[in-house]
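**Q** This is the structure I want to talk about, given as structure tokens.
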Amino acid sequence: MSRSASPSAADLRAYGYLNDQGTWTCAYPGCTSRAIFTRGCDLRKHHKRHTKSFFCHHQGCPQATGGGFSSKKDLARHEAKHNPGVLCEWKGCERVFSRVDNMRDHVKRIHLKANRQSPTAATQSPPGRFGLSVDVKNLHAGTTR
Ligand SMILES: [Zn+2]
Ligand SMILES: [Zn+2]
Ligand SMILES: [Zn+2]
């Protein structure tokens, strides 16, 4: 008289609803996917995306309940659209700041610091050039006198 509910099915109930046809639907609150999973492992795989996702913290944003982002980087980029934050002006840098001052400070400390150590900029005044021109003038002056 046992119903023979396999232990894996019991664990799947935490992820989705079992349909009449023996298929699964994602039960994650706010999941926008209407996908139907015929195999439990597919549902589990799908649900993993929810637990991994990063969601927008702004209320009313469609990305706060559904969708979401798989990485912090993507989320930060999205959230920057909500609050007019300051994106680092350095090419390839994805840091977002609340104020321009903070961004400038970050650029100075993080990005420019690496460039400052280049040896070409420091020694740009060649010595002796001015002295040479004076010598030529003196020579010339000497002959006319
Ligand atoms: Zn889902
Ligand atoms: Zn958002
Ligand atoms: Zn930066």
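Rule-based calculations on the coordinates, nothing more; no lab input. Just so we're clear, the structure is a prediction, and the values are computed from it rather than from any experiment. Glycine also receives a Cβ, built like all others from the backbone with ideal geometry; neighbour counts cover every protein chain displayed.
**Q** Taking R0 as 35 Å, what FRET efficiency do you get between E89 and K48 from their Cβ-Cβ distance, rounded to the nearest 0.05?
**A** Calculated value: 0.45.
**Q** Right, next: Name the residues whose placed amide hydrogens come within less than 5 Å of the amide hydrogen of F97, ignoring near sequence neighbours (fewer than 5 apart) on the same chain.
**A** V86, L87, C88
**Q** Each residue of the range 21-38 in turn: what ³J(HN,Hα) in whole Hz from Karplus with 6.51, -1.76, 1.60 and θ = phi - 60°, glycine and Pro shown as x?
**A** 7, x, 9, 10, 10, 4, 9, 5, x, x, 5, 8, 6, 9, 5, 10, 10, 7
**Q** Something else: Over 21 Å between Cα atoms, which of K81/K113; K48/K73; K72/K113 qualify?
**A** Distance filter (> 21 Å) returns K81/K113; K72/K113.
**Q** Give the shape of the range 34-119 as rounded, prolate or oblate, defined through the alpha-carbon gyration tensor: a ≥ b ≥ c are the square roots of its eigenvalues, a/c under 1.5 means rounded, and otherwise the shape is prolate if a/b is larger than b/c and oblate if not.
**A** Oblate, since a/c reaches 1.5 and b/c is not below a/b.
**Q** I'm checking a number: the convex hull volume of the Cα atoms of the range 27-79, normalised per residue, in Å³. What is it?
**A** Dividing the Cα hull volume of the range 27-79 by its residues yields 70 Å³.
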